[in-house]
Amino acid sequence: MNAQNKWLYDNQESKLIERACISYAGLEELDSGNVVKAKNNMKVAFLSQEFEVLSTRTVKEEFLSAFNEEMEVAERLEKVQKAIEKLVDDLELMGRLLDEFDLLQRRAQAVDLDEVDVKITKLMPELGFAPEDAEG
């Protein structure tokens with residue numbers, strides 16, 4: 001395979017991968033074929049070149065916004081924990097909140113919530129951001 005053919009092959013392959021990601025993200029339908037993930041727990045992400053950045057967020061907060069499910073779990077965990085801390089009299093409600101907290105902790109483990117910060121810390125320098133850019 002000569003260099004020109006290799007470039008054409010690599011370019012076509014990358015276009016197929018790009019189309020598969022766009023399809024998987026639900027932005028377009030494929031004309032033919034199927035998108036199949038290599039592993040069941042594999043995540044496919046798509047970052048549009050056109051997106052809104054909120055000027056009120058830090059760079060790290062913008063990255064965190066890409067982890068939608070994980071952030072929802074984190075926010076709910078925080079709310080339930082604060083509610084538990086305030087309760088002293090209603091044992092029945094506390095029991096229900098503790099059950100919900102337990103379920104949320106299991107969900108947090110399932111979505112690797114503890115790894116989100118690590119992933120962002122590793123990703124930022126790869127995209128040209130310095131560690132001090134994280135907090136604004």
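The distance between label points at Glu78 and Asn41 comes to 2.7 nm (points 7 Å beyond Cα on the Cα→Cβ vector). Summary value for segment 44-136: 42 percent relative contact order, contacts being C-alpha pairs under 8 angstrom separated by 6+ residues.
Which net charge results for the neighbourhood of Val118, defined as the other residues with beta-carbon distances under 14 angstrom from its beta-carbon, given Lys and Arg at +1 and Asp and Glu at -1?
Spelling it out: positives minus negatives among the neighbours equals -3.
Per residue, segment 54-129 exposes 73 Å² of accessible surface when a 1.4 Å probe is rolled over the protein heavy atoms with every protein chain present.
In plain terms, the chain from Leu91 to Glu62 could stretch by 6.6 nm, reckoned as 0.36 nm per residue minus the Cα-Cα distance. Once the Cβ-Cβ distance of Glu52 and Leu103 is raised to the sixth power relative to R0 = 35 Å, the FRET efficiency obtained is 0.60.
Placing dummy labels 7 Å off each Cα toward the beta-carbon, the span from Leu127 to Met71 is 1.1 nm.
The values are calculated or read from the model by the stated rules, or taken from the named source; none is laboratory data. Bear in mind the structure is a predicted one, so any value in this text is a computation, not a measurement. All Cβ positions, glycine included, derive from the backbone under ideal geometry; neighbour counts span all protein chains shown. Quick note on the areas: whole protein, heavy atoms, side chains included, nothing else; ligands and nucleic acids left out. Shrake-Rupley method; radii C 1.70, N 1.55, O 1.52, S 1.80 Å.
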